[in-house]
Amino acid sequence: MERFDYVIVGGGSAGCVLAHRLSAVPSLRVALIEAGVDTPPGAVPGEILDSYPMPVFCGDRYIWPDLKAQATRGAATRVYEQGKVMGGGSSINVQSANRGLPRDYDDWAANGATGWAWRDVLPYFRKLERDVNFPGGDMHGHDGPVPIRRIMPEDWPPFCHAFANGLRAQGLVMLRDQNAEFDDGFFPGAFSNLDDKRVSTAVAYLDDATRKRGNLRIFAELHVERIVMDGTVARGVIAMAHNGERVQFDANEVILCAGALQSPAMLLRAGIGSREDLDALVIKCRVDLPGVGRNLQDHPSLTFCHFLAPGFRMPLSRRRASMVAARLTSGVDGSEASDLYLSSATRAAWHALGNRLGLFFLWCNRPYSRGRVQLVSPDASIAPRVELNLLEDARDLERLAAGVRMLARVVDASGLGHDARDFFPAAFSPRVKALSRVGRGNAMLTSILGTLLDTPAPLRRALIERFFTRGKRMSALLADEHALADFIRANVFGVWHASGTCRMGDANQPDSVTDTQGRVHGAQGLRVVDASLMPRLPSANTNIPTIMIAEKIADAMVKHRHATGATHAAPLVSTP
């Protein structure tokens, strides 16, 4: 048994940041516990470093394979990929470095998260980054741990220029910096990557110098089973190793950085949540907080593909595939501006078949639908029930439908092809994921299928309808609004941007779980710092906003300690 000032549960996008910043104070003893494998400097697996994320994302080695989600009511559950590796989601994601829009954070501040307006968070976006393209000025940082870059138009392959031409034909203008220009438009997508290699938070924040600090202990492949509670006070955690051995960590404060699906589940197992729900599972309620696990949000999304003639294909040796994205406005009554996001990739998968298909990814910013995370058992080995409830609010379906029509016009004007049947609906289904696993069998099969796609057009279209779309054509979907709505309901899924399940806010708000520093209402020595805190999902991928949250709260924690003159961290209290 060891005692620490802070025990951080989860070595993901937030946990690595906190470990780095808190351990910079020599008098603080900090422990970082990650359930997955470590990725120390010089030993980061090649598939994680790879700028092209699909091979690592489509495997089971670095995710929680039993963690599943239901997209809509009545839909089958499917794996919801969440990182189980040092760096968490930042080790398996597409590396998008999207901040979102100023209004996202102004809304946070206006709805109970005082101190989180755009003017408050911008310094921490700057602090985390080392922007390669825009290193100066008021909007960007130049010496932070996370390198951020873009592939500019002069280096775009033909597919990206075609996509840009289609967007331009719809009246959209080019923006050079999506993180400083906030109107609708298309732009080179920013991503956390250097020298064509992924830079996870484990790489950026847990460097050699940080790991050599005598006051920081990093534990990998330890699964935290439960928070040790003494009444409403968190005293530490109990974790289990692969060999079944249990290890107890005592702490002045426990910080949950396990993500928006696992952090609320840990609170619920500790007896913090809805009394009614806890009673049903025979879990003693220590703090009655109905908001725990509620307010779950993700961006509802759809995927589409376009057959690429040889001139639009990019060599597989060029790893970065996502280069261009766009913000759009749906125009649906009652919705907001810039409520759609559209990204593209020059290939749909790592193999010969995927290299013949361009990929388009459409999602709704500012979703109105809300889901929930619930326990099905007090047993920590059993994953929680995750109900995304995408499209629960009809406005989300209407906006996706408007986005599909807009995308069809973009593709039609792009010059990618002369036959509308080469553009078709797709889905990142379990069947597609299985085909995307790296292996000799899939390489052989997809090589054959890829060769068949290069046959004369009638045969290619028959193949697409038989194996990819199961008879669905874009023309039919666009001609029938009911058919389009049915397609959206059947194929919508999240984009792995789960957030909001331990939302921060004023203690008087019925759905608030923490204060604005992540301290759990009504508990002592217990904090949440990850995407769970977001009151509303920003118009962005969640990785960079999550890093920002961790930077901001870590700074407040260190400043509080200096202000109080404490020699050791005292557990801070949030009272309802």
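The values are calculated or read from the model by the stated rules, or taken from the named source; none is laboratory data. Quantities reported herein were computed from a predicted structural model and do not represent experimental measurements. We place every Cβ from the backbone using ideal geometry, glycine too, and count neighbours over all the protein chains shown.
Summary table
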item	result
Number of positions in the stretch 386-415 that are closer than 20 Å to A309 by Cα and either of a type in the set (S, T, N, Q) or out of contact with any Gly (no Cβ under 7 Å at 6 or more places or on another chain) (or both)	6
Those residues of the stretch 149-198 which are touching a residue at least 60 places away in the same chain (Cβ under 8 Å), farther than 23 Å from P102 by Cα and either in a strand (DSSP E or B) or aliphatic (A, V, I, L, M) (or both), in sequence order	I151, A162, A164, L167, A169, N193, L194, K197, R198
In the stretch 435-444, the residues that are in a helix (DSSP H, G or I) and either touching a residue at least 24 places away in the same chain (Cβ under 8 Å) or touching a Cys at 6+ places or on another chain (Cβ under 6 Å) (or both)	L435, N442, A443
Residue satisfying condition, being buried (at least 24 other Cβ atoms within 10 Å of the Cβ) and farther than 30 Å from S539 by Cα, within set V233, V228, V224	V224
So W116, is it part of a helix (DSSP H, G or I), in contact (Cβ under 8 Å) with a residue 24 or more places away in the chain and either of a type in the set (G, A, S) or not assigned by TED's automatic domain parsing to the domain that holds A325 (or both)	no
Residue within the stretch 242-255 that is touching a Cys at 6+ places or on another chain (Cβ under 9 Å), under 30 Å from N295 (Cα atoms) and at pLDDT 95 or above present	no
Pairs where the first residue, in the stretch 335-362, is within 28 Å of M444 (Cβ to Cβ) and at pLDDT 90 or above and the second is surrounded by fewer than 22 Cβ atoms within 10 Å (Cβ to Cβ) and of a type in the set (K, R), C-beta under 7 Å, 6+ apart	none
Any helices (runs of 4 or more DSSP H) falling wholly within the stretch 204-303 and containing at least 3 residues that are within 24 Å of the chain's Cα centre (by Cα)	259-269
Failed condition for V492, given (1) in contact with a Pro (Cβ under 7 Å, 6 or more places away or on another chain); (2) surrounded by fewer than 13 Cβ atoms within 10 Å (Cβ to Cβ)	(2)
Strands (runs of 3 or more DSSP E) lying entirely in the stretch 317-365 (those with 2 or more residues that are of a type in the set (G, A, S) and closer than 20 Å to G185 by Cα)	324-328, 340-345
Selected residue [surrounded by fewer than 24 Cβ atoms within 10 Å (Cβ to Cβ), more than 26 Å from L175 (Cα to Cα) and among the hydrophobic types (A, V, I, L, M, F, W, C)] from I272, I283	I283
